[in-house]
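Everything on this sheet refers to the single structure shown next.
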Amino acid sequence: MEPELAVEAEPAPPQFRPFRFRIDYGLGFFSPTDVNNYLKSKIPSDAYVEQGFSDMVLLFQTEASFAYYPLHFLGIRPSLTYLFAPKIYSYGDSSEGFWLHSLAPGLSVDLTYDTGRLARLFLSPGISYQWGWLDSFSASGLGVTFAGGAELSFGQARSKGLYVAGVLRIANLGVNGQRYSGEVNVNHLDFTSFMICVGFQFGT
């Protein structure tokens with residue numbers, strides 16, 4: 001008799017899961033003109049960055065969110081996002097560091113399409129209210145986001161998996177109060193960026 005071949009378990013068909021949770025991390029590019037002009041005014045001309053660019057061009061994020069889906073293809077997702085961009089300059093035996101931060105609670109709409117396989121595609125336009133700060137400067141205002149990508153679910157239950165997305169954020173925040181440092185005006189803390197985000201998601 002020929003031995004039986006082992007049959008791998010197939011993933012279950014997608015199930016409707018009205019509650020979804022996600023945590024993700026992102027890396028992207030931005031160009032905050034006022035911020036970079038301020039940094040140039042604060043450091044000596046012979047200062048250098050050991051790795052990377054002399055300007056702030058890399059923006060990082062971490063985000064946690066929860067979604068409720070009243071329909072298979074439509075969800076409402078509140079979120080909390082933390083954005084930050086560090087920059088350390090060295091000169092002589094000294095160094096000086098700067099951190100640009102933002103905290104952004106937001107709300108988005110998930111429009112989804114389940115392929116019936118491992119991928120669930122989505123588009124998510126959203127809005128957020130952002131607070132940003134750098135040294136003595138603080139800013140606040142509305143931002144908008146446009147995200148698109150896929151949730152990849154695994155296992156027989158299809159309840160958890162990976163999240164992969166591209167995210168466009170438009171948020172040029174007007175500075176509150178004092179806007180001057182020497183001869184440099186800092187009118188905006190600009191978090192407008194494009195990011196690639198990956199994370200973990202699960203549904204119940």
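Just give me the residues in segment 128-159 being touching a residue at least 24 places away in the same chain (Cβ under 8 Å), assigned to a strand (DSSP E or B) and either exposed (fewer than 14 other Cβ atoms within 10 Å of the Cβ) or of a type in the set (A, V, I, L, M, F, W, C) (or both), in sequence order. Residues satisfying the conditions are Trp131, Trp133, Leu134, Phe137, Ala139, Leu142, Val144, Ala147, Ala150, Leu152, Phe154. Residues of segment 90-126 that are closer than 30 Å to Tyr48 by Cβ and either at pLDDT 90 or above or part of a strand (DSSP E or B) (or both): Ser90, Tyr91, Ser94, Ser95, Glu96, Gly97, Phe98, Trp99, Leu100, His101, Ser102. Selection of segment 165-193 for residues being surrounded by fewer than 16 Cβ atoms within 10 Å (Cβ to Cβ) and of a type in the set (A, V, I, L, M) yields Leu168, Ile170, Val184.
Here Asp135 clears all of (1) charged (D, E, K, R); (2) out of contact with any strand residue (DSSP E or B) (no Cβ under 6 Å at 6 or more places or on another chain); (3) farther than 25 Å from Asn36 by Cα except the condition numbered (3).
Going through (1) under 30 Å from Arg158 (Cβ atoms); (2) surrounded by 15 or more Cβ atoms within 10 Å (Cβ to Cβ) one by one, Pro125 falls short only on (2). In segment 46-61, the residues that are within 15 Å of Phe30 (Cβ to Cβ) reach residues that are β-branched (Val, Ile, Thr) and part of a strand (DSSP E or B) with C-beta atoms within less than 8 angstrom, at least six apart or across chains, in these pairs: Gln61/Thr81.
Of the residues making up segment 37-64, those that are at pLDDT 95 or above and either in contact with an Asp or Glu (Cβ under 6 Å, 6 or more places away or on another chain) or over 18 Å from Ser193 (Cβ atoms) (or both) are Glu63, Ala64. Does Phe200 count as modelled with pLDDT of 95 or more, in contact with a Lys or Arg (Cβ under 9 Å, 6 or more places away or on another chain) and among the aromatic types (Phe, Trp, Tyr)? Considered against the rule, which asks whether it is modelled with pLDDT of 95 or more, in contact with a Lys or Arg (Cβ under 9 Å, 6 or more places away or on another chain) and among the aromatic types (Phe, Trp, Tyr), Phe200 comes out as yes.
Number of residues in segment 160-177 that are among the small types (Gly, Ala, Ser) and part of a strand (DSSP E or B): the value is 4.
The values are calculated or read from the model by the stated rules, or taken from the named source; none is laboratory data. Bear in mind the structure is a predicted one, so any value in this text is a computation, not a measurement. Positions of Cβ are generated from backbone atoms using ideal geometry, with glycine treated the same way; all protein chains shown enter the neighbour counts.
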